[in-house]
Amino acid sequence: MTDQNDGTADVAHEPPTATSTSNEEIQRAGGLDDSEAPAPSTTSSGELATRFADPGLPAHTYRRSDIDPAAAKRREREVAALFGLSTLGTLLFIVAYFAVKPADASPSELIARVGLSTKLLGLGLGLSLFCIGAAAIHWAKTLMPDDEVVGVRKPMRSSDEDRREAIAALKEGAAGAGLGRRKLIRNSMLGALAPLGLLAIIPLRDLGPLPGAKLTGTAWKAGKRLISDPAGHPIKAADVPIGGVVHILPEGIEKMEHRLNEEAKATAILIRLAPEDLTRQRADRKGWDVSGIVAYSKVCTHVGCPVGLYEQQTHHLLCPCHQSTFDVERNCAVIFGPAARPLPQLKLTTDSEGYLVAAQDFDEPVGPSYWERG
Amino acid sequence: MHEHEHEHEPMHDQPPSHRHGSTRTFVRLLTTPLRALSRRRRSRFAPLVLLLLGLAITGGAYAAVAPPPQAEASTGVASASIKEGRQLYLKNCSSCHGLNAEGTSDGPSLVGVGAAAVDFQVGTGRMPARQDGPQIQRKRVEFTQDEINAMAAYVASLGPGPAVPDKEQLDYADADAAEGGAIYRTNCSMCHNFAGKGGALSRGKYAPSLDGVSPKHIYEAMLTGPQSMPVFGDGTMPPEDKKAIIKYLKITEQEASPGGASLGKIGPVTEGAVGWLVGLGALIACAVWLGAKAR
Amino acid sequence: MATLEQRAGNAANEIDERFGSANFVKRSARKIFPDHWSFMLGEIALYSFIILLLTGTFLTLWFTPSQGEVVYEGSYVPLHGLTMSEAYASTLRISFDVRGGLIIRQIHHWAALIFAASMFVHASRVFFTGAFRKPRETNWLIGVGLITLTIIEGLLGYSLPDDLLSGTGFRIAEGVLLAIPLVGTYLSFFLFGGEFPGEDLIPRIYTMHVLLLPGIFLALITAHLMLVWYQKHTQYPGPGRTEKNTVGYPFFPVYTAKAGGFFFIVFGVTTLLSAFATINPIWLFGPYTPTQVTAGSQPDFYMGFLEGVLRLFPNWEIQAWGFTLPLNVLIPTLVIPGLLFTSMALYPMIERWVTGDNSEHHVLDRPRNVPTRTGLGVMAITTWLILLAAGANDVIAITFHLSINAITWFFRIAIFVVPPIAYVVTKRICLGLQRRDRDLVLHGRETGRIVRLPNGEMIEVHEPISETERYKLTAHQVPEPIQLEPSTDTNGIPRRRVLASKMRARASRFYFEDRVPPPTPSDTHELESSGHH
């Protein structure tokens, strides 16, 4: 509060003038105005007649803490109380950290203990930080000087003289380097610098293998049994009730080298339709089902989410990500949403033991479209 | 697009499930919570235990007076119950499903849907249906469990279908919750969401929230595939898998949210709303306080 | 006290002898910062960024950026025995086994949301008040760059825990990469180190998330702040505030205390939010595997508008000459955002070209005084909100029991109909407010006092507004539309670039045709002489 007097030295309640001298920016202003080209054209001499005059900054109103020492003391105590509360928050954090240990909790108490720990630590930390902030701002608002100070703003543009000197310096330097004269050096330098970017890009080549035909085939092969995902049971046709679905993968996929990559392509859904719901299937897909059991790729042809929402009554498959809807009665033709192509169908048959198997791999690439897909 | 808005119960060829004496069931039900207690789940599972105890007492009381319905249905011992069920059926269901449950243009045939379908549909209040939207909703149950059992017995007597799961099928105490979670996320979460909060289907239909749904009804839903839901028959999803799913759902349903308010457990949408309205909102309020002149 | 001062003096001397810092301190300590709550929006973003750096560093101490598979044996029972990536397992460890891990994770995620949200709001403030005008176009461009990077940085952070939502997000990103003509599959294979999901993604995006992008952020934020410092902050119009001064509080002590204190406020509020509200409960989502998905798979809100376009766009795909061009992915995810961000970045240049205003601006516009710009801004925000809502159409459907198909169609139509309406309505409101301002200046404020004149007429007494207020309402300029230049110059020689000048005249009309010029002293003079009050 004692330094309030220092602060008010360059306070101007009047419109800014170049008379206050304590501010360095203001001191400089006098020199600038002479050399400076007139700034915005918005101010012209004829303006006075067409615009209202600027009345200048409104008069400063004093705060209660400026006038009343008791009020100032109260503010001081409030600030101190906030800082004190912050210290309490820090203490709470430290105590909670050592007192509440989720690691000691039994499995059944784990969640409650983690919850308690999280709440107490968060409350302590939050209180500790928030109160420091509140104290500082309260202090600044009520006890630090709140007189508005006016500073001079100079235009960003440099003075003409500075510009001239800058250009002269650059010209001198360029002449010294002979950039204009020594064309051989200039051109060979450009030739050396230009391809540098390649050095950054070329080594990225080994980020991954080239796509090749990897996107076209999946782990499904003729004779591969269908197993349920994730339990891994093989499936017989009689096991699947009408209206039933099974999320399926090809047998043996769990032992493949890149299991997740293979699952990401091979994942499929098996659905059993009633005989009367099979009448609208495409002619060229006759015989792809086993007594009404059909299987489709689960990878959406839009951007690849697993399409798994099967509505048993309408026979629609819905993608949960972007709501593309496929009609299973019509070989998963798109009936709504952003997907453009039907889900690829997996041709099914049974093996000698009566288990459902794939008759072949998908006859087209699964998943989202890409340029080379054709 | 032809869209059936009515129940469309599929045919089943599973045999009726195992039968158990009522006393054994009663004992089992009472021991379930005790076992849960002994597994050091006291504090956290207290509500679950209470729920189970409540269920056990009601179930036990019922079991003491009447044998389980599937037993009568298949053995035909309590034909009185079937008769009573038929009376209830004629009064409450036949206008849509036909005098002999053969189905009409207003409702599907109930021949072969099994007792489980009746117990689920009537036991969750979906039946008798009040048709006022794209989907028949869960609502107040209009019948006592006795009456439901009687109707279930009647429908089960019409043709073989999935029976109401018995107590052993519903005893999921020993099931593997983590495995259940994995099965749930492959087979169920795309519709019902990762925490069983439900999700949207096409054209106003939806997968309902699983909160507060009894294990029996969850089991029956998987077995019978009500409305839009597909059927998860025992052949491709064995009873152990179903139990594991139920255990996972019940554990996560009871589980407190360790990070504070759960915000509905529906993903980033509510989080975004809270981030804007509460987080940024509070900060802007602080900024306004900061910018206001003190008096 | 004297000794303290002496010691401080000694220290200052040691520093100044080495760095000559007195000159800088002398100028900086009294540097003036205009004060307004809306100037703190950018600070919320800045401080959230610092919080993200701090909490992020804490998280890196336990996080394992690896897709190597492990069987979970940690504390959280409902996931026991499942195969998962080390990234997911270590995130579970942070959440359940590291003391304070969950609160730090939640602070990190909430701070990310607040960071992004405050940037949107800050950019809106800058836009609506015209703070982007000369000489601050560069800072606007840096800001647009920061917002773009935030979306990418956020997506990477969302993906690192490798939970079911994370993986679904990157599955979609793969689909987007594949859609790029010619090089799409190559880009995808290079990013994932082969096929999706591969084993390289998490380590790679980890480095991007914790090193590369934060480094770029730091550089851009530093440049942004240095420009603010060097060009000095703008200020709102008002008496005593001109293009040639700055009115506010000195950097030291008032601004230091307020801005420094505000950092703690931002950190504190974010922490309290994190103590009481869960964010991203990854243990419920389960580990990512490509065969699983959950209903309500949504991105964080800053990606929401992209998700929205992706959901609304029709299923167009071109197959010709043995190649496929998936427009249904390419346009919504790459072309439309590209256009949106480019037009946002170029807006200051476009407006300058239209207005022909080449002067410096340090006094802000009141949004109502620039109705066309304000209308365009509200139109852009409306578009963004519709797309954001469309990205959550499934949540809207389940919450309000509506048909998701109907909602999608509603948004498909609304995206063309509502923004133009928002533009027109906003512009009308702005012009209306301007007219009200004009009335206030000319006729004063209604007092509610009714007086009966000697001739029996009843009138309400209007009280003239103060000089200060009058100046605030009349200080702005309202340009007139640029007139089309004649197609030949004074010598009858045809001008070049006729088309450009025609376009410019049309654009200028679009901006300034509807205008309410601020009242002038002569207007009030006329009023007074005509005997009105």
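Which of the residues spanning the range A:73-91 are touching a His at 6+ places or on another chain (Cβ under 7 Å) and open to solvent by 60 Å² or more (accessible area, probe 1.4 Å)?
A:78
Between B:230, B:238, which is within 10 Å of chain A (Cβ to nearest Cβ), in contact with a Phe, Trp or Tyr (Cβ under 6 Å, 6 or more places away or on another chain), open to solvent by 10 Å² or more (accessible area, probe 1.4 Å) and of a type outside the set (Lys, Arg)?
Sole residue among the options that is within 10 Å of chain A (Cβ to nearest Cβ), in contact with a Phe, Trp or Tyr (Cβ under 6 Å, 6 or more places away or on another chain), open to solvent by 10 Å² or more (accessible area, probe 1.4 Å) and of a type outside the set (Lys, Arg): B:230.
Among residues belonging to the range C:35-70 that are in a loop (DSSP other than H, G, I, E, B) and aromatic (Phe, Trp, Tyr), point out the one that is nearest to residue C:163 (Cα to Cα).
Here the answer is C:63.
Tell me, yes or no, whether the range A:104-113 has at least one residue that is within 21 Å of residue C:270 (Cα to Cα) and surrounded by 21 or more Cβ atoms within 10 Å (Cβ to Cβ).
no
Please count how many residues of the range C:456-477 are part of a loop (DSSP other than H, G, I, E, B) and facing another protein chain (nearest Cβ under 8 Å).
Residues flagged as part of a loop (DSSP other than H, G, I, E, B) and facing another protein chain (nearest Cβ under 8 Å) within the range C:456-477 amount to 2.
Looking at the range B:259-276, which of its residues are more than 7 Å from chain C (Cβ to nearest Cβ) and either assigned to a loop (DSSP other than H, G, I, E, B) or in contact (Cβ under 8 Å) with a residue 12 or more places away in the chain (or both)?
B:264
Within the range C:113-130, restricting attention to residues that are buried (at least 20 other Cβ atoms within 10 Å of the Cβ) and under 14 Å from residue C:347 (Cβ atoms), which residue is nearest to the chain's Cα centre (by Cα)?
The extreme case among them is C:123.
Take the residues in the range C:468-486 that are farther than 15 Å from residue C:506 by Cβ and open to solvent by 70 Å² or more (accessible area, probe 1.4 Å); name whichever of them is modelled with the lowest pLDDT.
Residue satisfying both the conditions and the ranking: C:486.
Any residue in the range C:284-302 that is facing chain A (nearest Cβ under 7 Å) and in a helix (DSSP H, G or I)?
no
In this structure, does residue A:236 turn out to be within 26 Å of residue A:310 (Cβ to Cβ), within 13 Å of another protein chain (Cβ to nearest Cβ), open to solvent by 50 Å² or more (accessible area, probe 1.4 Å) and over 35 Å from the mean Cα position of the chain (by Cα)?
Here the answer is yes, as residue A:236 does meet what is asked.
With the requirement that a residue be buried (at least 24 other Cβ atoms within 10 Å of the Cβ) and without any contact (Cβ under 8 Å) to a residue 40 or more places away in the chain, what does the range B:202-211 give you?
Hits for the range B:202-211 are B:202, B:207.
Under 6 Å between Cβ atoms, which residue pairs at least 6 apart in sequence (or on different chains) link something in the range C:102-131 that is closer than 16 Å to residue C:144 by Cα with a partner that is among the aromatic types (Phe, Trp, Tyr) and open to solvent by 30 Å² or more (accessible area, probe 1.4 Å)?
Between residues of the range C:102-131 that are closer than 16 Å to residue C:144 by Cα and residues that are among the aromatic types (Phe, Trp, Tyr) and open to solvent by 30 Å² or more (accessible area, probe 1.4 Å), the close pairs are C:117/B:276.
Of the residues C:205, C:221, which is touching a Ser or Thr at 6+ places or on another chain (Cβ under 9 Å) and either aromatic (Phe, Trp, Tyr) or more than 10 Å from every other protein chain (Cβ to nearest Cβ) (or both)?
Testing whether each residue is touching a Ser or Thr at 6+ places or on another chain (Cβ under 9 Å) and either aromatic (Phe, Trp, Tyr) or more than 10 Å from every other protein chain (Cβ to nearest Cβ) (or both) leaves just C:205.
The rows are residues; the columns are (1) touching a Lys or Arg at 6+ places or on another chain (Cβ under 8 Å); (2) in a helix (DSSP H, G or I); (3) in contact (Cβ under 8 Å) with a residue 24 or more places away in the chain.
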{"residue": "B:181", "(1), (2), (3)": "no, yes, yes"}
{"residue": "B:213", "(1), (2), (3)": "no, no, yes"}
{"residue": "B:216", "(1), (2), (3)": "no, yes, yes"}
{"residue": "B:226", "(1), (2), (3)": "yes, no, yes"}
{"residue": "B:233", "(1), (2), (3)": "no, no, yes"}
{"residue": "B:236", "(1), (2), (3)": "no, no, no"}
{"residue": "B:278", "(1), (2), (3)": "no, yes, no"}
{"residue": "B:287", "(1), (2), (3)": "no, yes, no"}
{"residue": "B:294", "(1), (2), (3)": "yes, no, no"}
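State which residue is most open to solvent (accessible area, probe 1.4 Å) when the search covers only the range C:131-180 and only residues that are within 14 Å of chain A (Cβ to nearest Cβ) and not in a helix (DSSP H, G or I).
C:134
Looking at the range A:115-174, which of the residues that are of a type in the set (D, E, K, R) and facing chain C (nearest Cβ under 7 Å) is surrounded by the most Cβ atoms within 10 Å (Cβ to Cβ)?
A:153
Under 21 Å from residue B:229 (Cα atoms) and hydroxyl-bearing (Ser, Thr, Tyr): does that describe residue B:157?
No; evaluated as a whole, the condition is false for this residue.
Among the candidates C:332, C:326, C:314, which residue alone is over 18 Å from the mean Cα position of the chain (by Cα), open to solvent by 30 Å² or more (accessible area, probe 1.4 Å) and either within 14 Å of chain B (Cβ to nearest Cβ) or under 30 Å from residue A:306 (Cα atoms) (or both)?
None of the other options fit; the residue is C:314.
Please state which of the following conditions residue A:250 fails to meet, knowing it meets all the rest: (1) out of contact with any Lys or Arg (no Cβ under 6 Å at 6 or more places or on another chain); (2) of a type outside the set (Lys, Arg); (3) under 27 Å from residue B:177 (Cα atoms).
(1)
Look through B:229, B:237 and report the one residue that is assigned by TED's automatic domain parsing to the domain that holds residue B:179, under 24 Å from residue C:395 (Cβ atoms) and among the hydrophobic types (A, V, I, L, M, F, W, C).
Answer to the check: B:229.
Between C:218, C:225, C:201, C:213, which is modelled with pLDDT of 95 or more, touching an Asp or Glu at 6+ places or on another chain (Cβ under 6 Å) and at negative phi?
C:213
How many residues are at the interface with chain A (Cβ under 7 Å from one of its Cβ atoms) and of a type in the set (Lys, Arg) if we restrict to the range C:235-283?
Residues flagged as at the interface with chain A (Cβ under 7 Å from one of its Cβ atoms) and of a type in the set (Lys, Arg) within the range C:235-283 amount to 2.
Could you say whether any residue in the range C:225-246 is open to solvent by less than 40 Å² (accessible area, probe 1.4 Å) and free of Cβ contacts under 8 Å to residues at least 24 places away in the same chain?
yes
If we scan the range B:154-177, do we find a residue that is over 19 Å from residue A:244 (Cβ atoms), without any contact (Cβ under 8 Å) to a residue 24 or more places away in the chain and not charged (D, E, K, R)?
no
If a residue has to be touching a residue at least 24 places away in the same chain (Cβ under 8 Å), of a type in the set (Gly, Ala, Ser) and open to solvent by 10 Å² or more (accessible area, probe 1.4 Å) to count, how many in the range A:338-359 make the cut?
Total meeting the criteria: 3.
Is at least one residue of the range A:241-253 open to solvent by less than 30 Å² (accessible area, probe 1.4 Å), away from chain B (no Cβ under 14 Å) and modelled with pLDDT under 95?
yes
Test of understanding: among C:383, C:355, C:399, which residue is within 14 Å of chain B (Cβ to nearest Cβ), more than 24 Å from residue C:170 (Cα to Cα), hydroxyl-bearing (Ser, Thr, Tyr) and open to solvent by 30 Å² or more (accessible area, probe 1.4 Å)?
C:399
The values are calculated or read from the model by the stated rules, or taken from the named source; none is laboratory data. Fair warning: this is a prediction, and the values are worked out from it, not measured in the lab. Here the Cβ is made from the backbone with ideal geometry for all residues, glycine too, and neighbour counts use every protein chain on show. For accessibility, only protein heavy atoms count, side chains too; no ligands or nucleic acids. Shrake-Rupley method; radii C 1.70, N 1.55, O 1.52, S 1.80 Å.
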